[in-house]
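Taking it in order: structure first as structure tokens, then the write-up.
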Amino acid sequence: MISPSMTMSPSNTSEGPKVAIVGGGLIGVILGLGLAHRDIPFTIYERAADWHEIGAGVALTSVAQASMQRLHPEVLPALRRVAKANHFGFWDGFHPPTKEAAQAQDALHFLLDAPGTDYWCCMRSQFLRELVALLPEGATCFNKELESYEDDADREQVVLRFTDGTTAEADALLGCDGIHSRTRQLLLGEDSPAAHASFTHQLGYRTVLPIAEAMEALGDAKGGSDFCIHIGPNAYVPSYPMLNGTETVLNLTTVIYTPDPWSHGEKMVAPATHDEVAQVFADWSPPIRDLIAKFPQKLMKWGIFDMADRPAPTYARGRVAILGDAAHASTPFLGAGGAMGIEDALAMASAMQRVREAPSSPGAIPAALQAFSAVRIGRSQWLVQSSREMGVIFQWRDPAAGNDGERFRAEAEWRTRKIWEFDVDDMVGQIRAEFEQRTE
């Protein structure tokens, strides 16, 4: 146990900027691995008592995989050990009157199956476990919840203060602490509207089903081999098979629109019942009703928050920056929130590498963090807004689109192309150029 009077420093002693990462979720750990591969010392400060990720699934794009390859040579193999590849189709979940009709081509709005458009899907907790095994020994401090920091130009390092009374020092503080990021609040000012994510009036309900039960409800193709998204009035139902240990299971989520406010503050999870889910789908196609019937009687609901209403004006100030959901939390309707965070991790690791190569420059760290913000803010904030818009369309709440499958295809395809047709090497080049411009 570290006494309140002691200070902590990043975990290894190689030359280069010493980085404090706040948050030990997927993005914080992947960023740490990217820094380790570049021989940049870091420590992850995690408020939980041990490694913890929710049991939800995650689906990662080919762009995320390209970023992983460049972050650390062992990250992509770690994903492949626990994930399955899936293409995905968008289906009418409301009109088909029978199970047979629900599997017919007429019920398929469109299929995205071009080369390179496969998602790799897995349990977050399993992927995190694989990544943690790659971290350098002593790279993480648990039970460390950030309370405040001091980034004074007169000090050589940023001082982190934790709620247990301990402190730490680092050359840069990188917040990967999620949707309700404390780092974001401190960076932007707690009174800034952009310091706090907004409730999107979307509720998520999740479960995992044995693959045999899924195929019984949806049919062999939908239940056993593909990423399926069923859409209809006020709801969106993505499901996909993934590995859970050695067993293949179906990860099932319902994302339901509600006009009501979220009454649980910044707590994201609340108790729920089967009935409140089932009543939303009472008039949907029989296979979807059968699938919803398999939800447990007692379950949890997630309030879905994002940064669309009040986007952050910057991701960096001084020697502090935010990444992933801390910077640009998104709704799930384009399936790329996690991928954006992994792109961030590559961009930040590249920025820190520039600092390592220019150690004599006193303004190198602020320049690197500003370069990161300049390169990442446009694309990531576009995703947040675009995902919100796609949710309105998919849930039949856009009067112009109605329930027109061709409109769904057109809207989804151009947005998806913008996500997938992205050159991560060009992004790294932009980081270098922005850094050099700021340190000339």
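The values are calculated or read from the model by the stated rules, or taken from the named source; none is laboratory data. This one's a predicted model, so the numbers in the text were calculated from it and none came from an experiment. No Cβ is skipped: glycine too gets one built from the backbone with ideal geometry, and neighbour counts run over all protein chains shown. Heads up: the accessible areas ignore ligands, DNA and RNA and are worked out on the full protein's heavy atoms, side chains in. Shrake-Rupley method; radii C 1.70, N 1.55, O 1.52, S 1.80 Å.
Let me know the longest stretch in the chain that avoids all trypsin sites (Lys or Arg not before Pro) found in a DSSP loop with at most 14 other C-beta atoms within 10 Å. It runs 1-154. The angle between the Cα long axis of helix 26-37 and the main principal axis of the chain comes to about 40°, on a 0 to 90 degree scale.
Only one residue of CYS141, ALA170, PHE94 has its Cα farthest out toward the positive end of the dipole of the range 73-190, where Lys and Arg carry +1 and Asp and Glu -1 on Cβ, and that residue is PHE94. Here the range 98-212 has 46 percent of its accessible surface on carbon and sulfur atoms, given a 1.4 Å probe and all protein chains in place. Between the listed residues ALA364, VAL75, GLN381, the Cα displaced farthest toward the positive end of the dipole of the chain, a dipole computed from Cβ unit charges relative to the Cα centre, is found at VAL75. Once the Cα atoms are used to define both axes, helix 364-394 deviates from the longest principal axis of the chain by about 10 degrees. Between ASP404 and SER263, the contour length at 0.36 nm per residue exceeds the Cα-Cα span by 47.4 nm. Shown here: the range 11-143, whose C-alpha atoms stretch 64, 32, 21 Å along the first, second and third principal axes, sorted largest to smallest.
About its Cα centre, what dipole magnitude does the chain give when the only charges are +1 on Lys and Arg Cβ and -1 on Asp and Glu Cβ, stated in debye to the nearest 20?
The dipole of the chain has a size of about 160 debye.
Rolling a 1.4 Å probe across all protein chains gives ASP92 an accessible area of roughly 20 Å².
Distance between the pseudo-spin-label points of ARG289 and ASP154 (7 Å out from Cα toward the beta carbon): 7.2 nm. Of the residues ASP325, ASP118, ranked by 1.4 Å probe accessible area with the largest first, the sequence reads ASP325, ASP118. Highest GNM mean-square fluctuation among ALA56, ALA235, ALA364, for the chain modelled with Cα contacts below 10 Å: ALA56. Please identify, among GLY391, GLY318, GLY378, the residue showing maximal mean-square fluctuation in a Gaussian network model of the chain using a 10 angstrom Cα cutoff. Of GLY391, GLY318, GLY378, the Gaussian network model singles out GLY378 as fluctuating most. When the chain is described by a simple charge dipole with +1 on each Lys and Arg Cβ and -1 on each Asp and Glu Cβ, the residue from ALA433, ALA212, PRO41 located farthest towards its positive end is ALA212. Each label point was placed 7 Å from the Cα along the Cα-to-Cβ direction; for LEU299 and ARG432 their separation is 4.8 nm.
Per atom type, the range 337-440 shows carbon and sulfur on 47% of its accessible surface, probed at 1.4 Å. Relative to the Cα centre, the charge distribution of the range 247-334, modelled as +1 at Lys and Arg Cβ and -1 at Asp and Glu Cβ, gives a dipole magnitude of about 360 debye. Largest accessible area first, the listed residues HIS274, HIS52, HIS87, HIS180 line up as HIS52, HIS87, HIS180, HIS274 when surface is computed with a 1.4 Å probe on the assembled protein chains. Net charge in the neighbourhood of GLN297 (other residues with Cβ under 12 Å of its Cβ; Lys, Arg +1, Asp, Glu -1) is 0.
Charge dipole (Cα centre; +1 on Lys/Arg Cβ, -1 on Asp/Glu Cβ; no other charges) of the range 347-404 amounts to roughly 240 debye.
Rolling a 1.4 Å probe over the protein heavy atoms gives the range 231-275 an accessible area of 42 Å² per residue. Relative to its residue count, the range 289-404 spans a Cα convex hull of 142 Å³ per residue.
So for the chain, what are the equivalent ellipsoid semi-axes in whole Å, largest first, each being the square root of 5 times an eigenvalue of the Cα gyration tensor?
Over the Cα atoms of the chain, the ellipsoid semi-axes are 39, 22, 21 Å.
Relative to the globular-protein estimate of 2.2 N^0.38 Å, the Cα radius of gyration of the range 92-195 stands at 1.82. In order along the range 398-405, the phi-based Karplus estimate (6.51 cos²θ - 1.76 cosθ + 1.60, θ = phi - 60°) of 3J(HN,Hα) comes to 9, x, 6, 8, x, 10, 7, x Hz; Gly and Pro are listed as x.
Accessible area per residue was computed with a 1.4 Å probe on protein heavy atoms; GLU100 scores about 130 Å². Residue-wise HN-Hα couplings along the range 254-266, as the Karplus relation 6.51 cos²θ - 1.76 cosθ + 1.60 with θ = phi - 60° gives them from phi, are 10, 10, 10, 6, 9, x, 7, x, 8, 9, 10, x, 8 Hz; Gly and Pro carry x.
Here ASP260 sits with roughly 90 square angstrom of accessible surface, probe radius 1.4 Å. Per-residue Karplus couplings for the range 91-100, computed as 6.51 cos²θ - 1.76 cosθ + 1.60 with θ equal to phi - 60°, are listed in order as 10, 6, x, 10, 7, x, x, 9, 4, 5 Hz, Gly and Pro entered as x. Compared with the dominant Cα axis of the chain, that is its longest principal axis, helix 424-438 is turned about 30°.
Extending 7 Å from Cα along the Cβ direction at GLU100 and again at THR314 yields two label points whose distance is 6.5 nm. Panel values: the range 255-309, Kirkwood radius from alpha carbon pairs, Stokes-Einstein at 20 °C and 1.002 mPa s, translational diffusion coefficient 168 µm²/s.
Look at where the Cα atoms of the range 169-246 and of the range 398-440 average out, and the two centres are 20 Å apart.
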